[in-house]
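First the structure, in the form of structure tokens, and then the observations on it.
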Amino acid sequence: DLLCAALASCADGSVRMVANLLGVELDAISVEVTGRVDVRGTLLMDPEVRVGFDHLTCRVTVQPAPGTDPGKLRSLLAVAERTCVNLDTIRHAATVEMIAGPTGADGATRHASAEVEAGGGRHGGPP
């Protein structure tokens, strides 16, 4: 699923970024994200079953270069966890506003408001 892939990619990037900032050399890094979802919700088989994941596991495994200080490695992993945008967003349930509407003949989506708070601009094209 794309959510798992996005989390894995973000976690990988966060570890690499923080390792670079701390001067920690990594010989290898592996990120695996697994999730538990009951597809009966997604397939509309049972209206009582939620559509989304009810559990995600993000497993990050690193192999530091020989001689890496274990304390520095612990710091690296803690800071990388804190700076992973996707992980933080999932853990803290960001407010998501869904704006949908029909498209006109010109392909533009017709809806009452197109303001994007975070960017302060307008969004007029496909996602």
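The values are calculated or read from the model by the stated rules, or taken from the named source; none is laboratory data. All values derive from a computational prediction rather than experimental measurement. For neighbour counting, all protein chains shown are included, and Cβ atoms are generated from backbone atoms with ideal geometry for every residue, glycine included. Calculation scope for accessible area: heavy atoms of the full protein, side chains included, ligands and nucleic acids excluded. Shrake-Rupley method; radii C 1.70, N 1.55, O 1.52, S 1.80 Å.
Within the stretch 1-38, what residues put their amide N at less than 19 Å from the label point 7 Å along the Cα-to-Cβ vector of Asp46?
Output list for this probe position: 35-38.
Within the stretch 5-103, what whole-number % of the accessible surface is contributed by carbon and sulfur, with the 1.4 Å probe and all protein chains included in the calculation?
Values: 3820 of 6960 Å².
In the stretch 5-103, the share of accessible area belonging to carbon and sulfur is 55 percent.
Could you tell me the calculated FRET efficiency between Glu25 and Thr61, based on Cβ-Cβ distance and R0 = 25 angstrom, to the nearest 0.05?
Computed FRET efficiency for Glu25 and Thr61 comes out at 0.95.
Between Ala78 and Arg36, 0.36 nm times their residue separation minus their Cα-Cα distance comes to what? Before the final figure, lay out the partial values.
Working: separation 42, 0.36 × 42 = 15.12 nm, distance 2.47 nm.
Gain on extension, Ala78 to Arg36, equals 12.7 nm.
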